[in-house]
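First up is the structure itself, then whatever we jot down about it.
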Amino acid sequence: MSLLEQIGKLKEEALGELAEASGAKEIEAWRIRYLGKKSRLNDILRGLSNLLLDERKEVGAGANRLKAELEKSLSQKEQALSRKQIESAGEEYLDVSLPGRSLPVGRLHPVTQVIDEMSQIFISMGFQALEGPEVEWDYYNFEALNIPKEHPARDTMATLWVDYETDGGDRPMLLRTHTSPMQIRVMEKAQPPLRVVVPGKVYRYEATDATHIPMFFQIEGFAIDKNITMADLKGTLYEFSRRFFGRDRKVRFRCDYFPFVEPGVEMAIECAVCKGSGCRLCSNSGWIEILGAGMVHPKVLERVNIDPEVYSGFAFGMGIERIPMLRYGIDDIRLFYGSDLRFLRQF
Ligand code: FA5
């Protein structure tokens, strides 16, 4: 029988046996028999060099064709077998060789990242970071901060009141409109020297636009000690701005009024989007106001039994979302809470 005839017979035999094979073991035995090192096909391929050129070409091509055909049939048989196994095992089937499903890795919200970074800057300047309640008494949010009932300053912070039946007394409850109530809570319990920052959520019943939302974060900061002056306030805030925004960003202080400080100021930072030339974000002013501040009012100190003749202090309340807006040039505050992952994944 010529070599070509042997190849033809080998093919018939091999494919016939493969069709009969039913389990993984049988298939593996078939593979060794027909495609292994000691297979008849391999013998033929190895012996090619002893043949004359014409015959070598013909037999070589035939043997290689057969090899490719057997390999293809083997792979089809294996796939069919594995499909059959999965089907017969039903839902119980677990293919441990499959690659695992990769779980999406979460990350901190950009506002949380900024709160951590800001707190660290103040902590490194000697401040202690604390948190306070979001549901607050009128007393801490207004009254003790020198904002009695009917005071016009209450109108600047449209309040969300909590409908709460108190036990007979007149103690209205609200969602805090700023983090300043923590000044009172801390000073009630601790004596100076005090250096504290308080990040947290605050709520206002107001219309939404590119720089205003009804729930936002503030960070309160205050320092009470002997001989604290306005220079300490400015120095602290300049240092914060330098560390957070870099040395080149311009900072502006202007007079402002808050009943719980005297004198009061507001601080603004040069707009990141237009670099001061005016745009939608900064209402064409070139500046974005980020905080209110001032020297703690003597009446506030008296209320918590700290002698204003001996001690003085500064306080500031910064809007947190505006800080990453200024750093990254984000032109709409609502993006932070729109739950759009394409936006959030950038941080
Ligand atoms: C206050 O809330 C004062 N408690 C700040 C303060 C603290 C003054 C200590 C003096 C001493 P004001 O209402 O201006 O102030 O808010 C402070 C900052 O919160 C603003 O500068 C702004 O950055 C941010 N802010 C105010 N309203 C909104 C809002 N609706 N959406 C987002 N950020 C806001």
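Rounded to the nearest 500, the 222 nm mean residue ellipticity of the chain from helices alone is -12000 deg cm²/dmol, with -39,500 (n - 2.57) taken per DSSP H run of at least 4 residues.
Ignoring ligands, DNA and RNA, please state the percent of accessible area on the chain from carbon and sulfur, probe 1.4 Å. Ligands and nucleic acids excluded, carbon and sulfur reach 51 percent. In this structure the chain gives 57 Å² per residue of accessible area when probed at 1.4 Å with all protein chains present. Largest first and in whole Å, the equivalent-ellipsoid semi-axes of the stretch 99-236 read 29, 24, 15, each the square root of five times a Cα gyration tensor eigenvalue. Expressed in Å, the radius of gyration and Dmax of the Cα atoms of the stretch 198-347 are 16.8, 54.
Taking only the Cα atoms of the stretch 3-92, the radius of gyration and Dmax are 15.8, 58 Å. When the inverse distances between all different Cα atoms of the chain are averaged and flipped, the Kirkwood radius reads 26.6 angstrom.
Working from label points 7 Å from Cα in the Cα-to-Cβ sense, the Arg40 to Glu28 distance is 2.4 nm. Legend note: in the chain, cysteines whose Cβ sits 4.7 Å or more from every other cysteine Cβ are Cys255. Of all lysines in the structure, the ones whose alpha carbon falls short of 27 Å from that of Lys9, not counting any fewer than 8 places away in one chain, are Lys25, Lys37, Lys38, Lys57, Lys67, Lys72, Lys77. Cα extents for the stretch 166-247 along the principal axes, largest to smallest and rounded to whole angstrom: 49, 40, 17.
The values are calculated or read from the model by the stated rules, or taken from the named source; none is laboratory data. Keep in mind that what you see is a predicted model, and the values were worked out from it rather than measured. Here the Cβ is made from the backbone with ideal geometry for all residues, glycine too, and neighbour counts use every protein chain on show. Protein only, heavy atoms only, side chains kept; ligands, DNA and RNA dropped before computing areas. Shrake-Rupley method; radii C 1.70, N 1.55, O 1.52, S 1.80 Å.
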